Each structure stands twice: as C-alpha cells, then as structure tokens.
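What follows is a short report on a single structure.
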Amino acid sequence: MKVAVIGCTHAGTAAISNILNLYPNAEIDVFEKNNNVSFLSCGIALYVGGVVNDANGLFYASVDQFEKQGVRMHMEHEVTDCNINQKQLTARDMKSNVTTTYNYDKLIITSGSWPVTPPIPGSDLENVLLCKNFAHANEIIKRSEEVKNVVVVGAGYIGVELVEAFQENGKNVTLIDSEERILNRYLDNAFTAPVQQTFEQKGISLALSQTVSKFTGEKKVETVVTDKGEYKADLVVMCIGFRPNTQLFKDQVDMLGNGAIIVDEFMQTSVTDVYAAGDCCAVNYNATKQPAYIPLATNAVRMGTLVAHNLVKPVLAHPGTQGTSGLKIYNHNIASTGLTESAAMLNGMTVGSAYIEDNYRPEFMPDNEVIKMKLVYELDTHRIVGAQIISDQDFTQAINTISVGIANNMTIEQLALTDFFFQPHYNKPVNFINQVAMQAMANQASGTNVKEAVTV
Ligand SMILES: Cc1cc2nc3c(=O)[nH]c(=O)nc-3n(C[C@H](O)[C@H](O)[C@H](O)COP(=O)(O)OP(=O)(O)OC[C@H]3O[C@@H](n4cnc5c(N)ncnc54)[C@H](O)[C@@H]3O)c2cc1C
C-alpha cells in the first residue's frame, strides 16, 4: 500500500506514527513545505515571552526519526498539483526547483490552515507579520528585539497570548479587534471582562469595535489606521483567524463554503481512498450536531490518528468535538467547551444558562479561591451545550469533565446528580460542577435566565 501524506504538523504526524504502528509494510511518502515536522504553535507566545528558551522543546517528532522508520520524507517540497482521479500528485523541491510526479494508492490530506490575510493596504510593509509556524515565531522574536510599539490585530486566543508576552517583554502594546470584547468567540462577558480589566491595569491599550483600514510607513510599518483611530506601530502581528489550506483539492472533494474538507466519521472525504484530517477539515460539532470549522491541535491529532485506523476499512468512528480549549493570561486560568450563550443564540438555539461565583472549598479552610463558572443548556431538552470557567487558581480541568458530558448528550439534571468526591482540601460537599448544574435546574424551575435564539 503506497500512502501519500500532504503536510506534516499535528494531523500528518499523528497519521504517520499510527500507520507505522498499524501497517508496518505501508510505503509512506510525506510532502512538507517546511523543514520541520510537528511544530507546536501553541508554544509561540511562550517562546516570544521567553518562558520557553529552547526551541527544540516545541517539536515532538523529527524528520530523522521518521526516516529511520522507513518513511520517505520529502521536506521543503510543496505539492503543487494533485489529480485525485488519477491518484497522482506533483511536488516541487523548493531548494532545487525540480518538479516530480508521484503515484499513490491512498492519499491523506493534512495540509492544515493558513492565517487569514485580508487585502489591507500596506500589508506588505516590513514588520507586518503572521503567527503560525516556526519561521514566523523566529521572525517575531528577531524583529521584536529592536522595537517599542507593538500592535496585535485580532483578540482571539492567539492575539491575547501574544499581547501578554509582548507586554511582559516591556513593549507598548495595542490590541485591535472589530468586536466589542476580546475572546468573544470563546467566552461570554463575565469571563472576558476580568481579563480586559487586567490588560488595562497592565497598560495595554484596547482598541475594540474598530476595523483596520490600512498600515502606513516608508519601508517599515509605522502606523496602523482603523475606522476609529491611528496607532503607532513598529511591529504588527496579524492574528485574525485561519482558513483551510485546500485550494489544491477544490472541485475534487466536497467542502464547506470556507474550503474546509468534509469528511465522514471515518475521516474519508467524498472520494474513495482520499482521507483528510486537522485544520484543513470540518469536524462534527457535538454542541450543534452540525459540521463546523474548529481548527485546534486537539482535533488535528485525533483526526490524524483516526485516518490511520480507518485507512484500510472503517473501524473507528470520530466521536465529534466540543471545541474544548484552555487559556492562561496573567493570573487568569480560563477554559471553555461547546457554545457560549451568545454563540448558541447565533446558531438559532434557544438556551438557558446558569452562573455561579463561589469559594471552591469550605470557608473554614485557611485560604480559598473564587471560581466563576457558567453552564449553557438547551431549553427544551435540558441538554448541556457549553460551559466556561475562570479563576486565579487552576480549575480548568472541570471543563474537560463537562466536555465529556456534552459528548454524551448529558442533561443538567444528570450533571447535577453525578457522583463527584468531596474532601475539604479540594471542594465543597456539593462540587462546583454539580452546583452550576443545580443552579441551572433552579433557573429552569423558576423560568429565569431563558435566552431566545437571535436572527442575524
Ligand atoms: C499561535 C498558535 C497557537 C495555538 N495554540 C493552540 C492551543 O493552545 N491548543 C490547540 O489545540 N491548538 C492551538 N493552535 C492551533 C493548532 O496549532 C492547529 O490546530 C494545528 O497546528 C493544526 O494542525 P494540522 O496538522 O491540521 O495543520 P497545520 O498545523 O496547519 O499544518 C499543515 C502542514 O501542511 C503543510 N502544507 C500545506 N500545504 C502544503 C503543500 N501544498 N505541500 C506541502 N506541505 C503543505 C504546511 O507546511 C504545514 O506544515 C494554535 C495555533 C497557533 C497558530
């Protein structure tokens, strides 16, 4: 069996490692534009902020290791054409410019995503940078050494993490976003407000509800202009989201409107013998029961693993995702799973919610910490569809517990009555996860906190 893999970061690496284990006789050709595999982009902000000093720690697989296991690693090779009907692809060696055609029996598309780059005038100025791969990370670090004023465009989790890293490095930082709140896709207001407050206390300037219209400067960027103001910038990092890297396969496999490849639960595309995984794909979102574009390393690794298991016959189905994610910004430990209340309403769902703010353990203990937690649930079925948590001490794992609940269609009643241990060192007789679900039941009984779907 000849297997061709396009792209080797998380989805590709997971697919290859598992194929080596499951089908030791498979002949594997891997095509990767970069000169490295398995780069952990999640470490970029920590690398920029100096928390991680050894860049080698940001990789968990290597070209050498795969080559020793018999994989043909075509590094710095860009796949320029792919004829899915003929089971053939063409790759250009980026060092020699030589182009070669390869045949395969099975194709695995793990070509990932690329940052969204709107055609903003001045985007080609020096020091307007992207943040995705290892080369970007090194470029950001190198160029930020000499600069004072840094503007980050996009207040999603990547932008927000970078803002903290730059501020800790002594830069004047401005964060621009077209939405009125930071992190608005992942968290409701009660969870973003404390982070915004900390940003302001740290001297970070928040330029929210405004859109970038141009970058100005001679050779290097000097100013970011929005519809509401102008901001001094020696360095700009664009973090406004990702789009699937799937141009090569357009009109050859079924895709969502944004180009995300549609796969079935066994990671097979609309064409036999063609599989896809990771950021290039849509994934089944358990909160809405619809396919959605949720580019996360967690999804990429799971899907890559499943490609290998299902490569010969469909044996192991994807259970879907809740888009569970965590974030640490200064003293704030934050995590969320599924839908926020606002996202649920935008998805046409009628939901209720429950919010608690409480000490995590009995007041008789010598010290304590407040947990803020929210649960979002479908009003008619009582099915849990989302949860968020924020606290100074780390309780983020609670969100993983609720993620399991969402995956298993759990109701607020089932969660309220789930058996969780009690021990005064760790929690109260009613664990905070039970407590937020009990609050939901109480709201339900009294008819409070009901939110109707909104039309956009
Ligand atoms: C700054 C940052 C922080 C993040 N933090 C987190 C986090 O904390 N938690 C989390 O779960 N996720 C995080 N993510 C998201 C996560 O990194 C992605 O979901 C993950 O990288 C997706 O892996 P992938 O293998 O599907 O695709 P990608 O990482 O996009 O890799 C695709 C690979 O395909 C190669 N390729 C594409 N086209 C071709 C071609 N034509 N020829 C040859 N090679 C090609 C590319 O060079 C690339 O190496 C973060 C992302 C960023 C940028």
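The values are calculated or read from the model by the stated rules, or taken from the named source; none is laboratory data. Keep in mind it's a predicted model, so treat the numbers as computed, not measured. All Cβ positions, even for glycine, are placed from backbone atoms using ideal geometry, and neighbour counts span all protein chains on display. Surface accessibility is based on the protein's heavy atoms, side chains included, excluding ligands, DNA and RNA. Shrake-Rupley method; radii C 1.70, N 1.55, O 1.52, S 1.80 Å.
Couple of notes before you dig in:
- Scan of region 139-151 for residues that are assigned to a strand (DSSP E or B) and farther than 13 Å from residue 234 by Cβ, ordered by number: none
- Restricting attention to region 274-284 and to residues that are touching a strand residue (DSSP E or B) at 6+ places or on another chain (Cβ under 7 Å) and in a helix (DSSP H, G or I), the residue that is farthest from the ligand (Cβ to nearest atom) turns out to be 280.
- No other residue among 271, 301 is in the same structural domain as residue 249 (by TED's automatic domain parsing) and outside any loop (DSSP other than H, G, I, E, B) apart from 301.
- Of the numbered criteria (1) of a type in the set (A, V, I, L, M); (2) closer than 20 Å to residue 139 by Cα; (3) touching a Lys or Arg at 6+ places or on another chain (Cβ under 9 Å), the one residue 75 fails is (2).
- Among the residues of region 13-48, those identified as among the small types (Gly, Ala, Ser) and over 20 Å from the mean Cα position of the chain (by Cα) are 17, 26.
- Top-ranked residue in region 12-38 [being open to solvent by 10 Å² or more (accessible area, probe 1.4 Å) and near the ligand (Cβ under 7 Å from one of its atoms); ranked as nearest to residue 273 (Cα to Cα)]: 32
- Criterion: part of a loop (DSSP other than H, G, I, E, B), modelled with pLDDT of 95 or more, buried (at least 16 other Cβ atoms within 10 Å of the Cβ) and out of contact with any Phe, Trp or Tyr (no Cβ under 8 Å at 6 or more places or on another chain) - qualifying residue of 287, 387: 287
- Selection status of residue 84, open to solvent by less than 20 Å² (accessible area, probe 1.4 Å), over 26 Å from the mean Cα position of the chain (by Cα) and more than 8 Å from the ligand (Cβ to nearest atom): yes
- Single match in 321, 211 (criterion: without any contact (Cβ under 8 Å) to a residue 40 or more places away in the chain, β-branched (Val, Ile, Thr) and open to solvent by less than 10 Å² (accessible area, probe 1.4 Å)): 321
- Assessment of region 93-115 against the conditions (on the phi > 0 side of the Ramachandran plot, within 11 Å of the ligand (Cβ to nearest atom) and open to solvent by 20 Å² or more (accessible area, probe 1.4 Å)) yields no matching residue.
- Residue list for region 214-259, restricted to those being more than 20 Å from residue 283 (Cβ to Cβ), among the charged types (D, E, K, R) and within 15 Å of the ligand (Cβ to nearest atom): none
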